[in-house]
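K.L.:
One structure, as structure tokens, below. Some questions next.
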Amino acid sequence: PGGLGGVLEQATGINQVFSPGVWAVHTDDAPLFMSGEADRGQGLEGIAEDGNPGSLARVLALETMTTGGAFAVPAGSAGPGPIGPGGAYEFTIAAMPGARLSVATMFVQSNDLVVAPDEAGIALWDEGGTPINGDVTDQLLLWDAGTEVNEQPGFGLNQAPRQTGADTGPDEGGVVRLVDDAFTYPALTDIMSLTVTPLQTAEFTVRLENVSTGTTLTPSDGSMQAVPLSPGAWVVHADEAPLFTSGEADRGRGLESIAEDGNPATLIDAIGAKVGFGGAVFNTPAGATDPAPIGPGGAYEFTVEAAPGARLSFATMFIPSNDLFLAPDEGGIALWNPDGTPVSGDVTAQVQLWDAGTEANEEPGVGPNQAQRQSGADTGPDDPDATVRLVNDGFTYPAVADVIRVTIESISTATEEADAVPERFRLHQNYPNPFNPETTIAFDLEEAAPVRLTIYNVLGQKIRNLVDGVRSAGNHQVRWDGRDSRGLKMATGVYVYQINVGGTSAARTMILLQ
């Protein structure tokens, strides 16, 4: 009877199912809930009672200091759904040293239980600065959301597999707490496995080149004009829509300042504060030493670092306009091919001309409220549509490919011996980040060269020069103590460190927490 017995053993009883859920990368505590306090009404109840992560995922995506989203599609499936025995969810996140991971998924055979780590989350880096790697299931706990009265697991008529509709059981009015209802539950290690695997990153050089000419724009007044492009902001991300969502209003975090006035400071301040995003401004033309717009033949260049699954978004102002900007769609440009190789080549076809929906449009190149002619920032009337959208105002614009060329070149990721001469120039992410009171910035030189390493605030104001002179080939480190050139402590915030080596520059952001 062994064969039939084995089949019956697998088919008898109630299979445990887990629902779609949410993830969050964070440095602060308790992004999803606080033990001993009532549910915040942001969507945890939707997961705990009905397996619906939509509301909480939207909240996490818009949080100032947290990056987050939903996991909903089982590995190997084409659409969202729960997972039973043998099923799995997989998702990619980005995290800097000091970041932690929180997740929440419904224990489906229950009224309002979720599986999640404690409110502080799971540390993604060890104390030595090495990313964790392996099974972290032992850090998961079974929580009661305190929103619906519990019934015996697997039998209750108000539990997800048997309820007549969402949110059908009697309210509990309790607090989020570890399960304490006297029913019997299996050990989480018997029904779930959570593993975290660090991915090998690659570096990419991104070049935004102005290819317009003096005749690219031809307004109705008979003039012929080039199309200058402004300083902007870039971000590497794993989740969707870091800068805007098509069809929705501007989020008020700085996109308007780029689209109307070519000023990326506010937007990069917001981006830099979100854990899991890597981003910075691009404002110094290639070969120049000071920030400026780029005209025909000019270019911005910057280097980004990304793991498989990451995407690149950026925004630069179409200057002869009221509130137009050039950017990829809200999902960004994939930096890795489906076969797992890094992207290289011309990606201009993925760039579009967007209307920020913040100011009423005027004919490009002649409007009195456009950047080149306006009397001050933000001078035009508000746009009645007030949504971010592809340009559709009835005016005539040149093709995107006649204004900008965007190329991405992957850089070899071969590991370099600490005592060997580096094969290329590289600026590393500071560590720790966020930091208080000190942080270390490292850079590599393949040959001796004059180096200037400067700290700026997000407004582009110089805070302090850390390096200004010739440095030898090799690996270099310099510490910043969070003070300006006068020795005064800087306030909590996002700062940009930029290095200039000959005609090459690179920049990254860091967060100071006082």
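K.L.:
Roughly how many debye, to the nearest 20, is the charge dipole of the stretch 97-200 about its Cα centre, given +1 on each Lys and Arg Cβ, -1 on each Asp and Glu Cβ, and no other charges? Kindly include the intermediate steps, with their values, before the conclusion.
P.N.:
Details: 3 positive and 16 negative charges, 60 e Å.
Result for the stretch 97-200 is approximately 300 debye, rounded to the nearest 20.
K.L.:
State the label only: which of (1) 32, 31, 23; (2) 45, 29, 21; (3) 71, 39, 19 corresponds to semi-axes √(5λ) of the Cα gyration tensor in Å computed from the shown model?
P.N.:
After the calculation, the listed value that fits is (2).
K.L.:
With contacts defined as alpha carbon pairs under 8 Å and 6 or more residues apart, what's the relative contact order of the stretch 263-352 in percent?
P.N.:
Values: 98 pairs, mean separation 15.6, N = 90.
Reported relative contact order: 17 percent.
K.L.:
Counting only protein heavy atoms and using a 1.4 Å probe, what share of the accessible area of the chain belongs to carbon plus sulfur, as a whole percent? Please report the intermediate quantities before stating the final value.
P.N.:
Details: 11340 of 22370 Å².
That share works out to 51 percent.
K.L.:
May I pose another question? Under a plain spin-label model, where a point goes 7 Å from the Cα along Cα-to-Cβ, how far apart in nm are S77 and L157?
P.N.:
2.9 nm
K.L.:
Here's another thing I want to ask about it. Place a label point 7 angstrom from the Cα of L513 along the Cα-to-Cβ direction, then list the residues of the stretch 63-88 whose backbone nitrogen is under 12 Å away.
P.N.:
Of the residues in the stretch 63-88, 65-66 have backbone N under 12 Å from the label point off L513.
K.L.:
Give a quick list of GluC sites (Glu not before Pro) in the stretch 83-148 that DSSP marks as loop, anything other than H, G, I, E or B, with at most 12 other Cβ atoms within 10 Å. Spell out each step's value before the answer.
P.N.:
Values: sites: E90, E119, E127, E148; in loops: E90, E119, E127.
Answer by residue number: E90, E127.
K.L.:
Another one. Considering only protein heavy atoms, what per residue accessible area in square angstrom results for the stretch 67-204 with a 1.4 angstrom probe? All intermediate terms of the calculation are to be shown ahead of the outcome.
P.N.:
Values: 6470 Å² over 138 residues.
Spelled out: the 1.4 Å probe surface of the stretch 67-204, per residue, equals 47 Å².
K.L.:
With the dipole of the chain worked out from charges on the C-beta (+1 for Lys and Arg, -1 for Asp and Glu) around the Cα centre, which of A233, T66, G298 lies farthest toward the positive end?
P.N.:
G298
K.L.:
For the chain, what is the charge dipole size about the Cα centre, in debye to the nearest 20, if Lys and Arg each add +1 at the Cβ and Asp and Glu each add -1 at the Cβ?
P.N.:
Working: 24 positive and 67 negative charges, 296 e Å.
Computed about the Cα centre, the dipole is about 1420 debye.
K.L.:
Shape verdict for the stretch 77-230, please, from the Cα gyration tensor: rounded (a/c under 1.5), prolate (a/b greater than b/c) or oblate. Can you show the working numbers first?
P.N.:
Values: a/c = 3.23, a/b = 1.98, b/c = 1.63.
Prolate.
K.L.:
Between D171 and R479, what is the label-point separation in nm under the 7 Å Cα-to-beta-carbon projection?
P.N.:
Spacing of the two 7 Å Cα→Cβ label points: 5.5 nm.
K.L.:
I'd like to check one number: the per residue accessible area of the stretch 205-246, probe 1.4 Å, reported in Å² as a whole number.
P.N.:
Per-residue value: 33 Å².
K.L.:
Please give the per residue accessible area of the stretch 331-485, computed with a probe of 1.4 Å over protein heavy atoms only, in Å². Numbers along the way, then the final one.
P.N.:
Details: 7810 Å² over 155 residues.
Per residue, the stretch 331-485 has 50 Å² of solvent-accessible surface.
The values are calculated or read from the model by the stated rules, or taken from the named source; none is laboratory data. Model, not experiment: these values are computed from the prediction. A quick note on method: Cβ atoms are made from the backbone with ideal geometry, for glycine too, and the neighbour counts reach across all protein chains shown. We work out accessible area using only protein heavy atoms, side chains counted, and drop any ligands, DNA or RNA first. Shrake-Rupley method; radii C 1.70, N 1.55, O 1.52, S 1.80 Å.
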